[in-house]
Amino acid sequence: MNKVYKIIRVATVPPIMASALFIVLWAYGTLDIVDSLLGVFFLGILPILSYPLQRFIPYYKNKGREGQRNLAIVFSVAGYILGCVLALIFDAPINTVVFIYLDYLISGILIAIFNKLFHLKASGHACGIVGPVAMLAYLGLYVPAIVGSIITVFVFISSIKMKRHTFWQLVGGSAITVSALLLLILLFSI
């Protein structure tokens, strides 16, 4: 059963879920192909590129799995920032593309604050799964949001069974991304 749990966790890493979000938004006609491909690149491909590139970056080269994680965070934040800046420069839709990048950026900052400063260990994995589901619900795409919610339940179960996170760490990661989205909705509605 541990293999099943591991497959579930690997198949739902945040870059894959972010890519799935942009693909669903394109499939439903919410985003055009350019915004979708850029989203897949900045939030999906760029963070994953950190893993094969680790061996070529001197500072991270010999740091093992911890170095991989830290470099992935660097690449992820770079993707959030670059995506957000380009979306703003090229006048991408505010309530979709810009919201998504800002949600990821704010969520990443909040995860870092809670985990590094307060040592609460909010789950980045949960944050990266619940964020796209919340965004789909916000955009009125309820069928994909329900499917995402079901996937989220399996990820929570897998994370707990594999002892990667406690229930409250998963709730914390989920609350962070939902709070970031609610903050954006509030700020942009003023």
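Key figures
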| read-out | value |
| --- | --- |
| Residue in region 130-146 that is closer than 14 Å to Ile8 by Cα, under 16 Å from the mean Cα position of the chain (by Cα), touching a residue at least 40 places away in the same chain (Cβ under 8 Å) and assigned to a helix (DSSP H, G or I) present | no |
| Qualifying positions in region 9-52 - among the small types (Gly, Ala, Ser), part of a helix (DSSP H, G or I) and open to solvent by 30 Å² or more (accessible area, probe 1.4 Å) | Ala11, Ala20, Ala27 |
| Of all residues making up region 95-125, the number that are farther than 17 Å from Pro47 by Cβ, open to solvent by less than 40 Å² (accessible area, probe 1.4 Å) and not in a helix (DSSP H, G or I) | 1 |
| Filtered residues of region 172-190 (kept if farther than 19 Å from Ser123 by Cβ and either among the polar types (S, T, N, Q) or touching a residue at least 24 places away in the same chain (Cβ under 8 Å) (or both)) | Leu183, Leu184, Ile185, Phe188, Ser189 |
| So Leu71, is it buried (at least 18 other Cβ atoms within 10 Å of the Cβ) and more than 24 Å from Asn95 (Cα to Cα) | yes |
| Search result, residues across region 146-190 that are of a type outside the set (Val, Ile, Thr) and open to solvent by 80 Å² or more (accessible area, probe 1.4 Å) | Phe154, Lys161, Lys163, Arg164, Phe167, Trp168, Leu182, Leu186, Leu187, Phe188, Ser189 |
| Checking Ala92 against (1) open to solvent by less than 40 Å² (accessible area, probe 1.4 Å); (2) closer than 28 Å to Ile7 by Cβ; (3) assigned to a loop (DSSP other than H, G, I, E, B); (4) of a type outside the set (Asp, Glu), the condition it does not meet | (2) |
| Any hit, region 53-75, residues being more than 16 Å from Gly124 (Cβ to Cβ), under 17 Å from the mean Cα position of the chain (by Cα) and either outside any helix (DSSP H, G or I) or of a type in the set (Val, Ile, Thr) (or both) | no |
| Residue check for Leu88: modelled with pLDDT of 95 or more, farther than 22 Å from Ala145 by Cα, in contact with a Phe, Trp or Tyr (Cβ under 9 Å, 6 or more places away or on another chain) and not hydroxyl-bearing (Ser, Thr, Tyr) | no |
| Condition broken by Lys63, with the remaining ones in (1) farther than 23 Å from Gln169 by Cα; (2) modelled with pLDDT under 90; (3) loosely packed, with under 14 Cβ neighbours inside 10 Å satisfied | (3) |
| Candidates Ala72, Ala78 - the one that is modelled with pLDDT under 90 and within 18 Å of Met17 (Cα to Cα) | Ala72 |
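The values are calculated or read from the model by the stated rules, or taken from the named source; none is laboratory data. Here the structure is a predicted model, which means the values were calculated and not measured. Cβ atoms come from the backbone with ideal geometry, glycine included; neighbour counts cover every protein chain shown. Surface areas here come from the heavy atoms of the whole protein model, side chains and all, with no ligands, DNA or RNA. Shrake-Rupley method; radii C 1.70, N 1.55, O 1.52, S 1.80 Å.
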